[in-house]
Amino acid sequence: MNRNRWVHGLSAIVLLSVLVMAMPVSAQDPTAESFGVDDASGAHGTSVIVPVNITNVSNGPLLGIIFNIVYDKNVINVTDVLKGNLTSSWNNFDYNNSVTWGTRVYMTGAAEYNISNGSSGSVALLNFSVIGTRGETSTMNFTYVNISFSDVSGYRIGSAPPKNGTFTVSGTQSWYLHNDSEMYKGNQTKPQGNITINHSDSHIWVADSAAQTDVTFPVNGNNWTGQITFVAAPADGDTFKVEIGNSSGGTNFTAGGPQATLTGNGSKSVFSFETTAAAFTVPAGKFLALNLTNNNTSYDYKVQTGMAWSYISSPGTDPGYPIPEWSTMTLVSGGLLVLMGYLWLRKKK
């Protein structure tokens, strides 16, 4: 970005900040039904994209947004802020992280890219690094006074009721979906891409390594979590089925594990999910697999892959796929040795 453009961008943001502090909010100022985030989750050491959504803009159009989000920095921390689907063409986008309380985001756009009345969707995508340990939670809070909207004139400043969420640290391992139809354990460095799932069709991703021995995920506490990101928001009522099971590779998939359903609302493109609990086994030599089915009969959808866009996280009962942890194997082996010793002594007597 050249120097003049950067200076003009900063000037616009500073002006919007001054106007926010100087002007009261009236009934005719720009607003919306709600502004905030849904609940989200992710495993320790991973990154999770959390969209900031606005619902049903009114008294607009909008050309500037400033907001604060407060969270526990011992559990999660914003490492980047990306443009949302409603602000993808806005030219000024910046954020500041507080040492203690959270993050402040500033954004403005050119008049031709305003957010029109009636619009709903994401205005920002918060990339959270998950620092906490499994079971820890953090609120993701907004307040009315720290949400500010500017209309196209720049003189009418409004706000909206906040929608707060909770972030839960869950799972022990995460696999990130890539457009080569593999999912890579703990690897968020694969380049961004996408895969098209045609209507009434499905797509399978297999883990990057096969099970070394039979790996069984028990039913107790076996709720997998994850995130599926679409390039464009699915239409209202369009559904997708998420299934976790095993595969021998290619288009082969054996169901029977946990499942979840994603339902579009016309404005959301990032879907966090938690599956129903179900025990299942990945046999030795086969792969952990995710099957995503587009249940719709008319529309094809593209799934965003690579980086941290789409992933699944295993539950706390993960025995250590692709091979049980040494602690588990040691206990099993030790038990077998004790049993063999007992039988040998009994036979000797």
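Given the pairs LYS73/LYS241; LYS83/LYS302; LYS190/LYS241; LYS163/LYS185; LYS190/LYS302; LYS73/LYS302, which span a C-alpha to C-alpha distance of over 29 angstrom in this model? Going by Cα-Cα distance, LYS73/LYS241; LYS163/LYS185; LYS73/LYS302 fall outside the 29 Å limit. For region 132-140, 3J(HN,Hα) computed residue by residue from phi via the Karplus equation (6.51, -1.76, 1.60; θ = phi - 60°) reads x, 9, 3, x, 6, 10, 9, 6, 10 Hz, glycine and proline entered as x.
Each other residue within a Cβ distance under 11 Å of LYS163 adds +1 if Lys or Arg and -1 if Asp or Glu, for a net charge of -3. Across region 56-210, C-alpha contacts under 8 Å between residues 6 or more apart give a mean separation that, scaled by the residue count, equals a relative contact order of 25 percent. Among residues other than PRO61 with Cβ under 14 Å from its Cβ, the summed charge is -2 (Lys and Arg +1, Asp and Glu -1).
Here the scattering of region 174-320 is modelled by Debye summation over its C-alpha atoms, one equal scatterer each and no solvent; at q = 0.12, 0.13, 0.21 Å⁻¹ the log10 of I(q)/I(0) is -0.44, -0.52, -1.37. Here region 3-169 is assigned +1 on the Cβ of each Lys and Arg and -1 on the Cβ of each Asp and Glu. Its dipole about the Cα centre then comes out at about 320 debye.
Since every read-out is calculated from the coordinates, none of them should be taken as a lab result. Just so you know, these numbers come straight off a predicted model, no measurement behind them. FYI the Cβ positions are ideal-geometry reconstructions off the backbone, even for glycines, and counts take in every protein chain you see.
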